[in-house]
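K.L.:
Here you go, one structure.
FYI, it's all coordinate maths here, none of it is from the lab. These numbers come from a predicted model, not from an experiment. Because the Cβ atoms are built from the backbone with ideal geometry, glycine has one as well, and the counts that use them run over all protein chains shown.
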Amino acid sequence: MLLKDQPLDIFTISETWLNGSISDQELYVPGYSLVRQDRLQKRGGGTAVYVRDGIPFQPRPDLNETTTENCWIEINRPKAKKLLVCTAYRAPNSSLPVFIDNLNAALSKLSNDIELIILGDLNVDYGNKQKANLLLKSKLQNFANLHNLDQLVECLTRVSVNYASLIDLIFVNNSHRVVNKGVIHLPLSDHSLVYCTIKAGVAKVAPRIIEYR
């Protein structure tokens, strides 16, 4: 309903709980293509991304390790840098170092001349100052610093009666192109929707040298 009333270029979902018994046709949204990465070993987890028709893209399953549930796509805009979008989910009881190692392995396959967005429910609370959580945040932030990524989300993203946290994150390596960002609270989930708007400019054309008499 959100995509119907307010079309978005790219809409990502973390923790889809999808499996092979649910077909792509059941998840079809008019005007969008769907890419999904289901959890295979047990129930729960999974990620998915909807891309609006007219945006040139291709799935990048080669960037996903078998132990992760990340969903990668590559946006190929004319005369612009490639844009890689990773929809990520890390379960609370899974290893953060293993999760980071898998992301590092994926990024090692890419050239430096790309734009990158990594977003999703990473279950690392950027608003929690308890010692155990600060250790997790430090490890994730070290990964971000290594790849020149900025974390955009500043407001709490999961609020309940007893607890509030900031665990739905957006990392980008092109923050100078981000013109808008924020958090939208929705009634259908205990997680809020996080978003950013990136200026869709085109790459500069190389100068021409003209010789004449």
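K.L.:
Convert each backbone phi in the stretch 150-166 into a coupling constant with the Karplus relation 6.51 cos²θ - 1.76 cosθ + 1.60 (shift: θ = phi - 60°), then list the ³J(HN,Hα) values in order as whole Hz, x for Gly and Pro.
P.N.:
10, 8, 8, 7, 10, 9, 4, 10, 9, 10, 10, 5, 9, 7, 9, 8, 10
K.L.:
Could I ask something else about it? Angle between the Cα long axis of helix 131-146 and the longest principal axis of the chain, 0 to 90 degrees, nearest 10?
P.N.:
Tilt of helix 131-146: around 10 degrees.
K.L.:
With all distinct Cα pairs included, what does the Kirkwood hydrodynamic radius of the stretch 58-213 come out to in Å, to one decimal, could you say?
P.N.:
Values: mean 1/r = 0.0583 Å⁻¹.
About 17.1 Å, per the Kirkwood formula over Cα pairs.
K.L.:
What is the dipole size for the stretch 58-110, taken about its Cα centre, with +1 at each Lys and Arg Cβ and -1 at each Asp and Glu Cβ, in debye to the nearest 20?
P.N.:
Values: 7 positive and 5 negative charges, 85 e Å.
Computed about the Cα centre, the dipole is about 400 debye.
K.L.:
Could you work out the Rg to Rh ratio of the stretch 1-131, with Rh taken as the Kirkwood radius (inverse of the mean 1/r over all Cα pairs)?
P.N.:
Rg/Rh: 0.97.
K.L.:
Using only alpha carbons, build the gyration tensor for the stretch 1-75 and give me the equivalent ellipsoid semi-axes, biggest first, whole Å.
P.N.:
21, 15, 10
K.L.:
For a footprinting-style exposure proxy, rank HIS147, HIS176 by other Cβ within 10 Å, fewest first. Could the numbers behind the result be given before it?
P.N.:
Working: HIS147 15, HIS176 9.
Exposure proxy ranking, most exposed first: HIS176, HIS147.
K.L.:
For the residues TRP17, TRP72, what sequence is obtained by ranking on other C-beta atoms within 10 Å, fewest first?
P.N.:
By the 10 Å Cβ count, ascending, the order reads TRP17, TRP72.
K.L.:
What does the stretch 4-44 give for Rg and for Dmax, in Å, if only its C-alpha atoms count?
P.N.:
11.7, 35
K.L.:
How big is the stretch 83-140 by the Kirkwood estimate over distinct Cα pairs, in Å?
P.N.:
12.6 Å
K.L.:
Run lengths n ≥ 4 of DSSP H only: what is the helix-derived mean residue ellipticity at 222 nm for the chain, with -39500 (n - 2.57) per run over all residues, to the nearest 500?
P.N.:
-4500 deg cm²/dmol
K.L.:
What is the order of THR16, THR87, THR197, THR68, fewest Cβ neighbours within 10 Å to most?
P.N.:
Working: THR16 21, THR87 27, THR197 13, THR68 24.
By the 10 Å Cβ count, ascending: THR197, THR16, THR68, THR87.
K.L.:
Now for a separate question. Relative contact order, percent, of the stretch 1-109 when contacts are C-alpha pairs under 8 Å separated by at least 6 residues?
P.N.:
23 percent
K.L.:
By how many degrees, between 0 and 90 and to the nearest 10, does the Cα long axis of helix 96-107 differ from the longest principal axis of the chain?
P.N.:
With both axes taken from Cα atoms, the answer is about 20 degrees.
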